[in-house]
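A short write-up of the structure that comes next.
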Amino acid sequence: MKELQNSLHLTYLFISHDLAIIDHISDHIGVMYLGRLCEVAPKRALFSNPQHPYTRLLFDTIPDLSLQKRGRQPMEGEVPNPINPPPGCAFHPRCPKAHERCRAEAPVLVKSDDSYVACHRAK
């Protein structure tokens, strides 16, 4: 796929839950939670400095083969019902940074460093 992409100048929409494959295939990445984009960034920016709390959670779930504690925080709360998502930010029931605005108003993608992030607490 990479050879074809390079030789034919192709663009792929590649959907996966496997971060290793995403790292290999992608140049730009969109992270979704309950069907909503929460972060869009070039691969290097996303992997080196994830901005959205859900994106950070995804990276914290990668097994730590070096067995060195990375200060991971366990995620609290239950995954909301995708058929009837909560109002506001869909991630707010599990987000350690959630506040009242998150419960009432869905965030929109805004520029933050090299990323676009849908979070009221983004830089």
- Note on the structure: Result of the Cβ filter at 9 Å on segment 11-27, keeping first residues that are surrounded by 10 or more Cβ atoms within 10 Å (Cβ to Cβ) and partners that are among the basic types (Lys, Arg), at least 6 apart or interchain, is Ile22/Lys43; Asp23/Lys43; His24/Lys2; Ile25/Lys2; Ser26/Lys43; Asp27/Lys43
- Note on the structure: From the option list Pro107, Pro63, Pro82, Pro74, single residue qualifying as of a type outside the set (Lys, Arg) and either surrounded by 12 or more Cβ atoms within 10 Å (Cβ to Cβ) or at pLDDT 90 or above (or both) is Pro107
- Which pairs have Cβ atoms under 8 Å, sit 6 or more apart or on different chains, and link a residue in segment 101-123 that is of a type in the set (Asp, Glu) to one that is loosely packed, with under 13 Cβ neighbours inside 10 Å and modelled with pLDDT under 95? Asp113/Lys123
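The values are calculated or read from the model by the stated rules, or taken from the named source; none is laboratory data. Bear in mind the structure is a predicted one, so any value in this text is a computation, not a measurement. With ideal geometry, Cβ positions are generated from the backbone for all residues, glycine too; neighbour counts draw on all protein chains shown.
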